[in-house]
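In what follows, a single structure is set out as C-alpha cells and then discussed.
The values are calculated or read from the model by the stated rules, or taken from the named source; none is laboratory data. Treat the numbers as computed from the prediction; the structure is a model and nothing was measured. Glycine gets a Cβ as well: all are built from the backbone with ideal geometry, and neighbour counts include every protein chain shown. SASA here: full protein model, heavy atoms, side chains in, ligands and nucleic acids out. Shrake-Rupley method; radii C 1.70, N 1.55, O 1.52, S 1.80 Å.
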Amino acid sequence: MIRHLPALLVIVPLLTALTVSALSWVAPRLCLPLTFGCIGASLASSIGILVEVIKSGPVVYTMGGWSAPVGIVYVIDYLSAPVLVVVTAVALINLIASSKQIDRDFSDKKGTFYTLYILFVTGMVGIVATGDAFNLYVLLEIAALTGYSLIGIGHERAPLSSLNYLFIGTIGASFYLLGVGYLYIATGSLNMADLARFMAMPEHGTSTMVMFAFIICMTGLFIKMGLFPLHGWLPNAYSYASPASSALVAPLTTKVMIYAMIRVGLYVFTPAYVFGRLQVGGAMVWIAVAAIVFGSLLALAQKSLFKMLTYIVIAEVGYMVGGFFLGNRMGITGSALHIINDAAMTLCLFLAAGAITYRTKSDDFKDLKGLFHQMPFTMTAFTVGALAVIGVPPTCGFFSKWYLIIGGIQAGHYGYAAALIFSSLVNAVLFFRIFETAYFDQPGDGKGHHHGHHKHHKHKNKMVEAPVSMIVPLMITALGLIALGIYTGDIVTHVIQAAIPGGIA
Amino acid sequence: MKITGLLTVIICGALLTYYAMDFPDFGDGRSPANTYLSPHFLENTMHDAHVPNSVTTILADYRGYDTMYETTVVLTAGLACFFLLRRKESTSPPARFFRHVPTGLTLRIEEGGKLPAENSKVFTRIDSLWAPDSLIIRNTCRLIIAFVQLFALYVVAHGHYSPGGGFQGGVLLGSSIILFSISNDLRRTLKRFREKTAAVLGAIGVLIYSGTGFVCLLMGAHFLNYEALSPLLGLKTGDPMARSHGIFSVEIGVAFAVMSVMIWIYYNLSSAGKHDEGL
C-alpha cells in the first residue's frame, strides 16, 4: 500500500466525506468517529510520505495509470511533503479543539459540517500534492466552495462577508484558470513538469502570451491569499465566522495559496523566467512591503481580537510573498519555512481566541480584563503564539523571520528588511497591550466599586478555564511552536534546501 | 468606488483582449494545442478504451481524476445550499390556502383555524402566492416528464458514442423532477422525491465514481485505472472494453449525483430552506 500513499492521502478523505454525508441522514452518531479516523489517517499517511521523501526522494503517482503529460500525476517532493503534514495536522488539532464549539454552533447540521470540513481538507491536500496545473484549479474550487460555506455561518455579518469572499474568491480562481488556459494555448500541455520544460525554450521565454499567463495566474493567487491591496474580503470573512471554521480556514487558505504561488513560480514558470527574464521581483517586494506595513498598522487600529488577528494574517502574507520574490536562496527558504511556522502560529492564536470567546462570548479588548487569572492555560498558549508572531527565540517565528531578513539584506532590499523589523515592533506593541489588559487590569474596573472591592475581586478572579478538549490541543500547538523553532535547522537542511531548485543563489 | 470598479474591469478586459491577439488563428492545425496532446487523444481513444467519442474518453478516463472532483464540486454546491439555507424548525405562514377540488373554490384559513385532514381528497393545500389550477399545465407536464426521463437515460447511456454522458443526463433527470414541482407544488414533489433521498443519492453518486476508482486500486492498479477491472467483468487483461465499462460506471455515478443535487438545490432555493411553499 506504500506506493499508493499519494493517492490514499486524498482518496481516503474523499470517500469518508461522501460516506459521512450519506450517513448524516441515516446514522448521525457515526459521523464524528469517521471524521476523526479519516483526518487522523491523512495525518499518518502524510507523515509516512514525508519520511519516504526524505529517505528516497520525490514520489510520483499517476492517476488512472496514464503517465504525464497525457494523464494527471501527483508529485510529492521536498516542498509539498512538509506542507501536507502541516495541513493535516492543523485540521486534526482544530477538529479536536472545536468539538465543543461545533456542538454549540452547528448542532442541527453537524453531519454536513463534518462533510464540508473533510472536503475542505481534501481540497487543500490535493492542491499541495498535485503535479498538474489544471487539477490544481479543480481542487482549488473544492477548497474554496467548502470554505465559503463553512465561513457563512457565524455571528453578525457572517453570511454577507462570506458572499463577499465568494465573489472575490471566484474572480481569483477564474484568473488562475484563465492563466492556465493561456499557457495551454501557448504550449498544449497542463502538466507542471512539462510546462517547465517548455519554459526553457526560447520561443516561450519571450512570448507575450506566456508573460500574460504568468501575470494573470499570479494575480489570481494573490487575490486568493489576500495580498494587499487585494485583501478586502479577508478580515470580515475570518472574524465573523464561527471559531470552529475560522481556525481551520484562516491558517490553511492563505498558506496553501502561498505554497501554490511558490509551486507555480518555481516549478511551472521556472526561476530563470520569473527572476531572470521578467524582473518582477523588485516591484513585487515593494508591494509586499506595503502589505506588511499596512497590515501591521491596521492591526494596531483594531479593537477586537479576531479582527486584529486577521490583519496580522495580511501582514504575514506580505512576509512570504516578499521573501519569495527576493529571488535568492535565503529569501525563498524563509518564505517556505514561514508557510509551516505561520500556519502553526495562526492556528495557535485562533484557537486561543476561540477558547476565549467560547467562555466570554466576546472578543472585544475591553472584555479581556483579568483573563490571565481566569483562563491561565489559554492565555499561556496565547502568549507563546504572540511571542512567535513577534519573533522571539526560541519560538519558530524568530527563525523564519531571520531567514527573511538575511535574504532581504543579501538581495540589497533594505526596505523589506526594515518593514519586517517594523512589523515585529508593531506586533510587540499589539500583544503587550493585550497582555497588559489581561494581566494587570481587573475585570469590572470602573464600575461596581461600591460592592466592596475585596469580595468582588475574589469572585471575578475565579478560574473559568475553557473545556479540556480545547486546552489540550491548544497546549500541543503552543509546544509545537517551540519545537518547530528548536528543530528549524533540521527542517531547513533536510527538507527545504532540497525543495529549492538549483540555480538560485 | 463604482468608477474604480469600472476602470479595473475595462483595464482587465483590454489586457485580456490585447494579449489574445497573440493567439494562434482559429482552427490552426499547427497550433501547440492541436499538435501536442490532441493527436494522441484522437488516435488512441479506440485502441485504449474502445470509445469513439474522444471527449468522453478524455473526460472520464485520461483526465477522469479531474472529473471526479468536478462531480464532487457539484455535490459540494448542494451541501453548501443545504448547510446555509435549510431551516428545520417550521415557521408556518400566518394563513394557509386550500382549494376545494370539486368546485374549484379557494379557502383562506387564518392561523388557529381548523385545517382539513392531511390526506383529504376534497381539499388540497395550495401555495399562498399564486396557484391557479391549470389542467393544461399539469397534464402536459405529466406527459412530458416521462419522455424527458427516457431521453435522459438515452443521453447517459450513449455518452460513449454521441454528445452526452452523466452530466447532461443527470441535468435532464433533475429537470424532469423540477418540472413536476413547478407544474404541481413543492409539497407533492417532496412526497415523491424526499429530501433525504436527494441528499443520500447525491453522495452515493460520487461514491460510485470514486468507488470505481478505489476498486481499481484494490485490484492492484493505480487509482481509476479501469484496466484492472477486467477480471471482475470477465474480460481478458488488456481488453479495452474494461476501460469502456469503467467509463460507463462512472457516468452512472455522475448522473445520480447531478440529478439529486439539482433537485436538492432547487428544494432549498425555491423555498428559502423551509421546504414549505415553493415556486
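Identify, from the list A:Met284, A:Met308, the residue that is open to solvent by less than 10 Å² (accessible area, probe 1.4 Å) and not β-branched (Val, Ile, Thr).
Answer to the selection: A:Met308.
Within the stretch B:236-279, which residues are touching a residue at least 40 places away in the same chain (Cβ under 8 Å), within 26 Å of B:Val155 (Cβ to Cβ) and not hydrophobic (A, V, I, L, M, F, W, C)?
Residues satisfying the conditions are B:Pro240, B:Arg243, B:Ser244, B:Gly246, B:Ser249, B:Glu251, B:Gly253, B:Ser260, B:Tyr266, B:Tyr267, B:Asn268, B:Ser270.
Right, A:Ile96: surrounded by 24 or more Cβ atoms within 10 Å (Cβ to Cβ) and β-branched (Val, Ile, Thr) or not?
Judged against the criteria, A:Ile96 is not a match.
Determine whether the stretch B:165-187 contains at least one residue that is more than 14 Å from every other protein chain (Cβ to nearest Cβ), under 20 Å from B:Arg243 (Cα atoms) and open to solvent by 10 Å² or more (accessible area, probe 1.4 Å).
Looking for residues that are more than 14 Å from every other protein chain (Cβ to nearest Cβ), under 20 Å from B:Arg243 (Cα atoms) and open to solvent by 10 Å² or more (accessible area, probe 1.4 Å), one finds at least one in the stretch B:165-187, hence yes.
This table checks each residue for (1) of a type in the set (Gly, Ala, Ser); (2) within 14 Å of chain A (Cβ to nearest Cβ); (3) open to solvent by 30 Å² or more (accessible area, probe 1.4 Å).
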position: B:Phe214; (1), (2), (3): no, yes, yes
position: B:Ala221; (1), (2), (3): yes, yes, no
position: B:Tyr226; (1), (2), (3): no, yes, no
position: B:Pro240; (1), (2), (3): no, yes, yes
position: B:Val261; (1), (2), (3): no, yes, no
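Any residue in the stretch A:98-121 that's of a type in the set (Gly, Ala, Ser): show its pairings with residues that are surrounded by fewer than 21 Cβ atoms within 10 Å (Cβ to Cβ) at Cβ separation under 8 Å, as long as the two are six or more apart or on different chains.
A:Ser99/A:Leu32; A:Ser99/A:Ser469; A:Gly111/A:Leu23; A:Gly111/A:Trp25; A:Gly111/A:Pro28
Restricting the search to the stretch A:181-191, which residues are more than 9 Å from chain B (Cβ to nearest Cβ) and either out of contact with any helix residue (DSSP H, G or I) (no Cβ under 6 Å at 6 or more places or on another chain) or open to solvent by 10 Å² or more (accessible area, probe 1.4 Å) (or both)?
Result: A:Gly181, A:Asn191.
For the stretch B:154-163, name all the residues that are free of Cβ contacts under 8 Å to residues at least 40 places away in the same chain and either more than 22 Å from B:Asp61 (Cβ to Cβ) or out of contact with any Gly (no Cβ under 9 Å at 6 or more places or on another chain) (or both).
Once the filter is applied, which keeps residues that are free of Cβ contacts under 8 Å to residues at least 40 places away in the same chain and either more than 22 Å from B:Asp61 (Cβ to Cβ) or out of contact with any Gly (no Cβ under 9 Å at 6 or more places or on another chain) (or both), the stretch B:154-163 yields nothing.
Only one residue in B:Tyr161, B:Tyr154 is among the aromatic types (Phe, Trp, Tyr), part of a helix (DSSP H, G or I), open to solvent by 40 Å² or more (accessible area, probe 1.4 Å) and out of contact with any Phe, Trp or Tyr (no Cβ under 8 Å at 6 or more places or on another chain), so which one is that?
Matching residue, one of B:Tyr161, B:Tyr154: B:Tyr154.
Looking only at residues in the stretch B:1-28 that are of a type in the set (A, V, I, L, M) and more than 10 Å from every other protein chain (Cβ to nearest Cβ), which one is least open to solvent (accessible area, probe 1.4 Å)?
Filtering first and then ranking leaves B:Ala14.
Taking B:Ala255 as meeting all but one of (1) buried (at least 22 other Cβ atoms within 10 Å of the Cβ); (2) over 16 Å from the mean Cα position of the chain (by Cα); (3) at negative phi, write down the number of the exception.
So B:Ala255 meets the others, but not (2).
Under the condition of being farther than 18 Å from A:Ser207 by Cβ and aliphatic (A, V, I, L, M), which residue from the stretch A:253-275 is surrounded by the fewest Cβ atoms within 10 Å (Cβ to Cβ)?
A:Leu266
Wholly within the stretch A:402-505, which helices (runs of 4 or more DSSP H) include no fewer than the required count, namely at least 1 residues that are in contact with a Pro (Cβ under 9 Å, 6 or more places away or on another chain) and either open to solvent by 50 Å² or more (accessible area, probe 1.4 Å) or at pLDDT below 85 (or both)?
A:453-460, A:468-486
Which ones in the stretch A:35-76 are within 14 Å of chain B (Cβ to nearest Cβ), crowded, with 20+ Cβ neighbours inside 10 Å and in a helix (DSSP H, G or I)?
Matches in the stretch A:35-76: A:Cys38, A:Ser45, A:Met63, A:Gly64.
Of the numbered conditions (1) over 24 Å from B:Ala221 (Cα atoms); (2) hydroxyl-bearing (Ser, Thr, Tyr); (3) out of contact with any Phe, Trp or Tyr (no Cβ under 7 Å at 6 or more places or on another chain), A:Thr35 satisfies every one except a single condition; which is it?
It is condition (3) that A:Thr35 fails.
If a residue counts only when it is of a type outside the set (Asp, Glu) and surrounded by 20 or more Cβ atoms within 10 Å (Cβ to Cβ), which helices (runs of 4 or more DSSP H) contained entirely in the stretch B:29-129 have at least 3 such residues?
B:64-85
Taking the condition within 14 Å of chain A (Cβ to nearest Cβ), in contact with a helix residue (DSSP H, G or I) (Cβ under 9 Å, 6 or more places away or on another chain), of a type in the set (A, V, I, L, M, F, W, C) and crowded, with 18+ Cβ neighbours inside 10 Å, does B:Leu201 pass?
yes
So which residues in the stretch A:1-29 are more than 11 Å from chain B (Cβ to nearest Cβ), more than 29 Å from the chain's Cα centre (by Cα) and among the hydrophobic types (A, V, I, L, M, F, W, C), if there are any at all?
Matches in the stretch A:1-29: A:Ala27 only.
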